[in-house]
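The values are calculated or read from the model by the stated rules, or taken from the named source; none is laboratory data. Everything quoted here is computed from the prediction, not taken from an experiment. Virtual Cβ from ideal backbone geometry, glycine too; neighbours counted across all protein chains shown.
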Amino acid sequence: MTPNHSTTLIEAWWPTQSGSFLKSALVVVGGSLLLALSAKVKVPIEPVPVTMQLFVVLALGLTMGMRLATATVLLYLAQGAAGLPVFTGTPEKGIGLVYMMGTTGGYLVGYLAAAALTGWFADRGFSRNPVFALAAAFLGVAIVYGLGLLWLGTLVGWDKPVLAWGLWPFLLPDAVKATLAGLIVPAAWALTHSKQR
């Protein structure tokens, strides 16, 4: 089978005749667990630790497409809202909706938007080409920062050093994560094509 440009990488790896609900459910649950695990892999810098979540969000979008990636992040957020300790710093810094309404809430919403955007690009074949995949990944990062900083500034006040708290310390690590996602997924596509020949 040679996947067409509307096929996502997950579909190329695990093809089905008509998109089974069970397969989709397993992919979404597995992705949400991976996202929860990535929240616990962190480099402790203040005010928010650097985690691998953004890398996983971008990789999920580029791998799964918009529908499954959005469902995955929604499930992850629902797990957190229900009080499961799936977020960075939980349960130490609180759980559930109280945590989600805190200073990192905008970034969590940004993850959902980034997964949807990168997934939209993946549905159109952008994840096959490193240049396009990198562009999609960096657009995803921009959305996360935009929503995260808007939320943070509104919550703590724009007279506070919002950029110092929510942007500058993370630019380089997040650029590395976006670059990794934008290069690994096209490489996985190339490997998939070579195995199908």
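Of the residues that sit in segment 157-195 and are modelled with pLDDT under 90 and polar (S, T, N, Q), which one is farthest from ILE143 (Cα to Cα)?
Once the filter is applied, the top-ranked residue is SER194.
Condition check: buried (at least 18 other Cβ atoms within 10 Å of the Cβ) and within 22 Å of HIS193 (Cβ to Cβ). Does ALA133 satisfy that?
So ALA133 fits the description; yes.
So which of ALA181, ALA164, ALA122, ALA175 is in contact with a Gly (Cβ under 8 Å, 6 or more places away or on another chain) and among the aliphatic types (A, V, I, L, M)?
Step by step, each of ALA181, ALA164, ALA122, ALA175 is checked, and only ALA122 is in contact with a Gly (Cβ under 8 Å, 6 or more places away or on another chain) and among the aliphatic types (A, V, I, L, M).
Within segment 76-93, track down each residue that is under 15 Å from VAL109 (Cβ atoms), surrounded by 15 or more Cβ atoms within 10 Å (Cβ to Cβ) and of a type in the set (Gly, Ala, Ser).
GLY80, ALA81
Go through VAL141, VAL98, VAL131 for me and flag whichever is out of contact with any Gly (no Cβ under 8 Å at 6 or more places or on another chain), modelled with pLDDT under 95 and of a type in the set (Val, Ile, Thr).
Unique residue meeting the criteria: VAL98.
Quick one: what pairs do we get from segment 158-172, first residue closer than 17 Å to GLY110 by Cα and of a type outside the set (A, V, I, L, M, F, W, C), second at pLDDT 90 or above and in a helix (DSSP H, G or I), C-beta under 7 Å, 6+ apart or different chains?
Listed pairs, sorted by first residue: GLY166/GLY148; GLY166/LEU149; GLY166/LEU152.
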